[in-house]
Every structure is written in C-alpha cells, then in structure tokens.
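S.K.: Pasting in a structure now, in structure tokens, and then I'll have a few things to ask.
Only the coordinates and a few stated rules stand behind these numbers; no lab work does. Note that this is a predicted model, so its numbers are computed, not measured. Neighbour counts run over all protein chains shown; Cβ positions are idealised from the backbone, glycine included.
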Amino acid sequence: MTAPKTPKAVRHCLCGCGATVTKEFRPGHDAKLKGALINQVLAAEAPKATKADKAAGSKALATLTARGWLAHLDKSRASRSAKAERAAARRAARAAARSEAATAAVVTDHPVEQPEPHPGDRLGKALAELPTA
Ligand SMILES: [Zn+2]
C-alpha cells in the first residue's frame, strides 16, 4: 500500500479544454490558449468585427499582456499579414489562370471557320499531288 498522496489543488486547464490539472495548463496547452487569445485579438481588429468580437479581443489582449505574451501576438500578426498577402497573390494568379483558360476555351469552342476551297483549287491540288514519274 502506498501512502495516499497529499491532494494537490486541482483545477481546470486554463485553455478551456476541461482537463483537470495541478498547474495552470496541461503540457502544451499554454500554447493553445495563446493561439486562441491571439485569434481573438486579431478577429477584433478585422474590419467586420462585431461589438462582441471587440470585447473578447480587448479581454484577450489584457490576458496576453498580463502573461507577457505580447511578443507572440506581434509575431503572429506579422506572419499572418504575410500569409494573407501570399494568399491574395495566389488568388490573383489563379484568377489569371482561369481567365486564360476561359480565353483558350472560347478559341477551341468556336474555331474560325475555314472557307470551303474552290472546286477548281481542289482539282489543281489533286493534280499537283499526282506522282510525276
Ligand atoms: Zn487545456
């Protein structure tokens, strides 16, 4: 029989996953919370952010500040705007490729009609193709 361990103060992981922990987080879950907070702050900065988004964002920002995670927010913001720029460039490239494909399709679907060769031309061509020897 092992002696019963001194019960530690049990609480829920601060990321909101519901796990019971003796510290603030399950291993790795601080990163999870950090990511969620950063998402909230960035969502609050979006042009179509609602009042609730903004409230959640400023609360998240306060938590990030209190935990000294603001550097991570700046880093995410920079990498996300770079990512958004790349995505926009990809979208533009795809749109360009699509319009090129559409142009190509128009050309194949409606080939320029070749006029029927004149019957005389056909005869002349047939004669020219006859073996000379
Ligand atoms: Zn958790």
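S.K.: Within the range 22-41, work out how many residues are of a type in the set (A, V, I, L, M) and out of contact with any Gly (no Cβ under 8 Å at 6 or more places or on another chain).
M.R.: Residues flagged as of a type in the set (A, V, I, L, M) and out of contact with any Gly (no Cβ under 8 Å at 6 or more places or on another chain) within the range 22-41 amount to 3.
S.K.: Something else about it: Consider the range 24-51. How many of its residues are within 11 Å of the ligand (Cβ to nearest atom) and over 15 Å from ALA71 (Cβ atoms)?
M.R.: 9
S.K.: Next question. For the range 37-64, which positions are among the acidic types (Asp, Glu) and over 12 Å from ARG77 (Cβ atoms)?
M.R.: Scanning the range 37-64 gives a single hit, ASP53.
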